[in-house]
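The values are calculated or read from the model by the stated rules, or taken from the named source; none is laboratory data. Quantities reported herein were computed from a predicted structural model and do not represent experimental measurements. All Cβ positions, even for glycine, are placed from backbone atoms using ideal geometry, and neighbour counts span all protein chains on display.
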Amino acid sequence: MKPKSQFRNLEVVSTCELSQHLKRIVFTGEDLEDFPSDYEGGYVNVILLEDKSLIQEGERPKMRSYTIAEFDTSKKQLTIDFMINHHNGHTSVWASRTKVGDRIVIAGPGPRKLDNFKSNKYLFFGDLTSVNAVRGSVNKLSKESKVEINLFVPTKDDFFDLNLKNPFSVNWIVADESDYLTDAARKSQLLDSKTIVFAASEAKRIKSLRDYLTKERGLVNDSLFISGYWREGLTDEQYRAEKHKYK
Ligand SMILES: Cc1cc2nc3c(=O)[nH]c(=O)nc-3n(C[C@H](O)[C@H](O)[C@H](O)COP(=O)(O)OP(=O)(O)OC[C@H]3O[C@@H](n4cnc5c(N)ncnc54)[C@H](O)[C@@H]3O)c2cc1C
């Protein structure tokens, strides 16, 4: 059963930089007592307030979605990796400066997007915002699955070990201004009309990828687990208001 969405108070217990543009922040809090296990690759909404009591009844506070990298039930520790030093966002600036003892509120969790683990061919496209969504889903696949993983990052200093359960290789690619998701799909050896495709990245490029897969390659919506996680030039609120344009 999907857990009821609720607000939880959390405190930062440790931080470290996984790469030039990705900072790992580990949180704890008594409110994680009933946080569900097996949500790695799902998400929570991060609210930059020090206490949930500051949220008024019926209010929707400013929030951003972030992926659950790990949850340790026994220690009540929730790990999230934040993209930093790349854009000037409300949350990314907070993440780049945060230190042990800082407090936030979260809502959620929400589930992993990919829920079909019965196929034998999977093609993944992601960036630093979705490495843990990719990892959470890839770790659900059997080692016999045929898997191609393409991750687009700002610099070579952002390549790091994903620590996957099975030894699937990862194509780390430095992103440029091009339509890189669709370009990579065109080159994929694994893509046919039966391949399951997971993609989460910049909204305009995600739309281009969706159009290519459905219109030129004949994939059906049931095989596609595709989301725009952010939109170049728009804050999250502005992107949500225009989301229908990227379907
Ligand atoms: C389900 C889901 C899970 C997500 N998981 C993660 C995660 O684990 N880690 C993570 O870092 N992000 C994750 N994201 C993306 C994150 O929510 C957005 O990047 C969000 O906009 C960041 O908020 P902000 O306050 O930093 O910037 P905003 O205030 O939303 O935007 C400020 C400016 O920065 C630009 N911008 C926003 N994000 C990026 C980016 N990634 N690269 C370049 N420019 C950007 C915007 O276009 C805007 O111009 C996830 C999104 C979704 C939908």
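Consider Lys247 carefully, then state whether it is basic (Lys, Arg), within 16 Å of the ligand (Cβ to nearest atom), on the phi < 0 side of the Ramachandran plot and surrounded by 11 or more Cβ atoms within 10 Å (Cβ to Cβ). Walk me through it before giving the result.
Details: basic (Lys, Arg): yes; within 16 Å of the ligand (Cβ to nearest atom): yes; on the phi < 0 side of the Ramachandran plot: yes; surrounded by 11 or more Cβ atoms within 10 Å (Cβ to Cβ): no.
Spelling it out, it is not the case that Lys247 is basic (Lys, Arg), within 16 Å of the ligand (Cβ to nearest atom), on the phi < 0 side of the Ramachandran plot and surrounded by 11 or more Cβ atoms within 10 Å (Cβ to Cβ).
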Matching residues, region 82-93, being crowded, with 17+ Cβ neighbours inside 10 Å and more than 6 Å from the ligand (Cβ to nearest atom): Ile84
Scan of region 111-149 for residues that are surrounded by fewer than 17 Cβ atoms within 10 Å (Cβ to Cβ) and within 16 Å of the ligand (Cβ to nearest atom), ordered by number: Pro111, Asp115, Asn139
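Residue under question is Glu57, and the condition is that it be of a type outside the set (Val, Ile, Thr) and either assigned by TED's automatic domain parsing to the domain that holds Val134 or free of Cβ contacts under 8 Å to residues at least 12 places away in the same chain (or both); does it hold?
So Glu57 fits the description; yes.
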Inter-residue pairs, beta-carbon under 7 Å, first of a type in the set (Gly, Ala, Ser) and in region 87-111, second assigned to a strand (DSSP E or B) and within 8 Å of the ligand (Cβ to nearest atom), 6+ apart: Ser92/Phe82; Ser92/Met83; Ala95/Phe82; Gly108/Tyr43; Gly110/Tyr43
Region 186-200, residues that are modelled with pLDDT of 95 or more and either out of contact with any strand residue (DSSP E or B) (no Cβ under 7 Å at 6 or more places or on another chain) or on the phi > 0 side of the Ramachandran plot (or both): Arg186, Lys187
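Right, Met63: within 25 Å of Phe159 (Cβ to Cβ) and at pLDDT 95 or above or not?
Answer is no for this residue.
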The lone exception for Asp102 - which of (1) buried (at least 23 other Cβ atoms within 10 Å of the Cβ); (2) touching a strand residue (DSSP E or B) at 6+ places or on another chain (Cβ under 6 Å) it fails: (1)
Segments classed as strands (runs of 3 or more DSSP E), wholly inside region 153-247, with at least 2 members that are in contact with a helix residue (DSSP H, G or I) (Cβ under 6 Å, 6 or more places away or on another chain): 196-202, 224-230
